[in-house]
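Bear in mind that the values in this text are calculations on the coordinates, not laboratory data. Source: prediction; values computed, not measured. No Cβ is skipped: glycine too gets one built from the backbone with ideal geometry, and neighbour counts run over all protein chains shown.
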Amino acid sequence: MTTISSAISTGRAAPLMFQGSASSVGKSLVCAGVCRILADMGYRVAPFKAQNMSLNSCPTENGEEISRAQWLQAKACRLVPDVRMNPVLLKPLGERGSEVIVMGESLGVMSYREYIDKKAGIWKTVIDAYRDLSRDMDYIALEGAGSPAEINLRKHDMANMGIARATGANVILIADIDKGGAFAALAGTMALLSRGDRAMIKGFILNKFRGDPALLQDALSWMGRRYKRPFLGIVPLLAGLKLPEEDSVAFKEKSLAPSGYYMEDGKTLDIAVPDFPSISNFTDLDPFMAESDVRIRILRDAGDFGRPDLVILPGSRNAGRDASFLRDTGLGRKIKEYAMGIAESARGALAGICGGMQIMGRVIEDPDGEETRGELAALDILPLATAMGRDKIVRTRRARFRADGLENYVHGYEIHRGRTRQLGNATVCVLGEDGEELGYADSRCPVGIWGTYLHGIFEDDLFRRDFLNTLRERKGLPRGDATVYDPDRQLDLLAKTLKNSIDITRLLAMGK
């Protein structure tokens with residue numbers, strides 16, 4: 001990677017960077033909250049993450065793939081999401097390496113060494129994207145990745161101090177105090193940074209605090225004396241915040257009941273979700289957090305299954321691998337038995353989203369080894385076959401869901417390589433505005449067993465209400481009114497909390 005020792009020309013935009021003492025400390029949401037604060041103050045602000053590693057992505061309006069985190073941060077800035085905000089997205093595939101997406105376009109799967117060999121050209125693209133994005137902004141809110149103290153990665157770092165040096169950004173270091181060890185994490189990060197990089201750290205933020213901040217005063221004073229840097233804020237734990245998480249670990253901690261947990265109370269809709277090793281776009285489940293009578297729990301083996309009212313097979317970056325997980329854990333057999341029960345009794349429902357729908361079919365064909373080489377038997381719940389291809393579909397869509405008396409116009413997006421075709425008598429239940437088939441259902445119970453390529457379908461409040469009401473009726477529960485899944489409102493709540501817990505005036509002064 002070409003080293004850039006001096007700050008690039010950025011026009012008038014002042015760069016502020018949020019880095020973390022570890023992964024999942026909350027830097028994505030802190031960055032989003034600060035973006036909303038600055039936007040509401042009248043500043044032109046945009047988010048930027050040079051390199052993001054995540055299986056949570058979505059299309060821009062131009063059909064370019066970016067991380068969901070930067071998509072949300074763009075919304076926080078009241079901007080249209082732009083590929084320049086996340087020029088590099090890595091989608092990890094385990095031992096095979098990662099799919100490398102640059103400026104919204106996939107370059108294919110690369111090992112770490114293959115990626116490093118191409119990184120000089122990629123780095124130039126990152127710098128060009130930042131320079132172009134910053135021209136019309138007052139502030140750029142940069143987000144780091146993981147921790148800047150990963151000394152094994154320092155030589156090729158692009159996401160943390162690499163981009164901080166290139167842009168001349170002042171860095172705020174965030175630690176998660178809820179997990180414990182926050183002061184040690186901050187001190188350890190400072191100790192492992194080089195002298196030059198350490199000088200770029202201008203202040204600290206403690207995130208996810210429970211209790212009385214006065215109890216921290218001795219520790220804050222000690223850290224201040226030792227490192228000559230201020231604590232800019234102590235952010236409380238926002239347990240009820242309904243915003244998408246950056247990675248699956250944080251999502252499961254916040255949103256799902258623990259593995260093995262099952263309780264039938266007769267008043268709650270129980271949604272069970274297999275814990276796919278390659279789960280992607282799990283933000284499809286976020287809208288259910290708006291429902292007071294819905295509980296989501298995770299399934300890791302057959303003993304966890306219970307008697308759910310809805311099973312959702314979520315998105316998957318490797319449908320073959322996740323189909324094997326279902327077979328190996330016994331969950332595949334349980335889900336097939338559950339589907340047979342739906343067809344016989346019309347109680348409960350099974351829905352698959354994208355890779356989840358592919359797994360519901362009979363076979364997944366992958367002759368080029370895009371995910372799993374060869375042909376793999378799926379669950380054989382729907383008469384479908386999926387063929388993996390090299391060309392990737394990335395686009396936003398409007399469509400109509402129509403099945404057994406339920407009809408709604410919905411919106412969402414597609415991100416997939418597979419092309420799915422019917423092998424038998426399946427009902428088309430999701431049809432795009434252009435007439436393309438985007439989802440299929442079991443002809444015996446179309447609302448009970450179905451799958452679709454449309455991510456984000458549950459974000460449509462009216463569709464979610466009508467679909468959940470079919471489950472409530474089957475369980476003998478009263479029908480519910482539409483609830484509002486509104487990330488924008490949650491961003492306002494986040495911004496209000498941060499404004500009351502962070503010294504924004506001091507923070508902005510650091511950006512100048």
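For K155, K119, the sequence from fewest to most other C-beta atoms within 10 Å is K155, K119.
Of K179/K267; K124/K208; K208/K499; K91/K155, which sit over 25 Å apart, Cα to Cα? K179/K267; K124/K208, as the Cα separations exceed 25 Å there. For K496, the aspartates and glutamates whose Cα comes closer than 15 Å to its Cα, not counting residues fewer than 8 places off in the same chain, are D40, D488. Across region 26-32, rounded Karplus estimates of 3J(HN,Hα) from the backbone phi angles (6.51 cos²θ - 1.76 cosθ + 1.60, θ = phi - 60°) give x, 5, 4, 6, 4, 4, 4 Hz, Gly and Pro being marked x.
Here is how the number arises for the chain: DSSP H runs of 4 or more residues each give -39500 (n - 2.57), the sum is divided by the residue count, and the result at 222 nm is -9500 deg cm²/dmol. Applying 1/(1 + (r/R0)^6) with R0 = 41 Å to the Cβ-Cβ distance of A219 and E365 gives a FRET efficiency near 0.10.
In this structure, the amide hydrogen of L438, modeled 1.01 Å from its nitrogen in the peptide plane, lies closer than 5 angstrom to those of V430, L431, G432, counting only residues at least 5 positions away or on a different chain. As a ratio to 2.2 N^0.38 Å, the alpha-carbon radius of gyration computed for region 248-484 takes the value 0.93.
Around the amide H of N170, modelled in the peptide plane, lie the amide H atoms of M17, all under 5 Å away and 5 or more residues distant in sequence or on another chain. Taking the fewest neighbouring Cβ atoms within 10 Å as the starting point, the ordered list for L331, L79 is L79, L331.
Derived scalar couplings between HN and Hα for region 323-331 equal 5, 5, 4, 5, 5, 5, 8, x, 5 Hz in order, rounded to whole Hz, by the Karplus curve 6.51 cos²θ - 1.76 cosθ + 1.60 (θ = phi - 60°), x for Gly and Pro. Give the calculated FRET efficiency between A184 and T505 to the nearest 0.05, with a Förster radius of 35 Å applied to their Cβ-Cβ distance. After rounding, the FRET efficiency stands at 0.75. Using only side-chain charges placed at the Cβ, +1 for Lys and Arg and -1 for Asp and Glu, the dipole size of region 248-484 relative to its Cα centre rounds to 200 debye. Where both bridge residues fall in region 248-484, DSSP classifies roughly 65% of the beta bridges as antiparallel.
Calculated from the structure at hand, Kirkwood radius over Cα pairs in Å is found among (i) 25.2; (ii) 23.8; (iii) 24.5 as (ii). With neighbour counts taken as other beta-carbon atoms within 10 Å, the residues S443, S134, S194, S316 rank, fewest first, as S194, S443, S134, S316. Each of I271, A403, Y338 was placed along the dipole of region 248-484 (beta-carbon charges, centred on the mean Cα), and the one lying farthest toward the positive end is Y338. Label-to-label distance for D391 and E105 is 1.5 nm, based on points extended 7 Å past Cα in the beta-carbon direction.
Placing +1 on the Cβ of every Lys and Arg and -1 on the Cβ of every Asp and Glu, with nothing else charged, gives the chain a dipole about its Cα centre of roughly 1820 debye. Subtracting the Cα-Cα distance of I116 and R210 from 0.36 nm times their residue separation leaves 29.7 nm of extension gain. Beta bridges assigned by DSSP with both partners in the chain are antiparallel in approximately 50 percent of cases. Shown in residue order for region 276-283 are the 3J(HN,Hα) couplings computed by the Karplus curve 6.51 cos²θ - 1.76 cosθ + 1.60 at θ = phi - 60°: 4, x, 10, 4, 9, 6, 5, 5 Hz (x for Gly and Pro). Taken as Cα centroids, region 438-473 and region 22-57 sit 32 Å apart, rounded to the nearest whole angstrom. Our note on the geometry: Cα centres of region 192-229 and region 265-320, 38 Å apart. Label reach from D301 (point 7 Å along Cα→C-beta): in region 329-370, amide nitrogens under 14 Å belong to 329-332.
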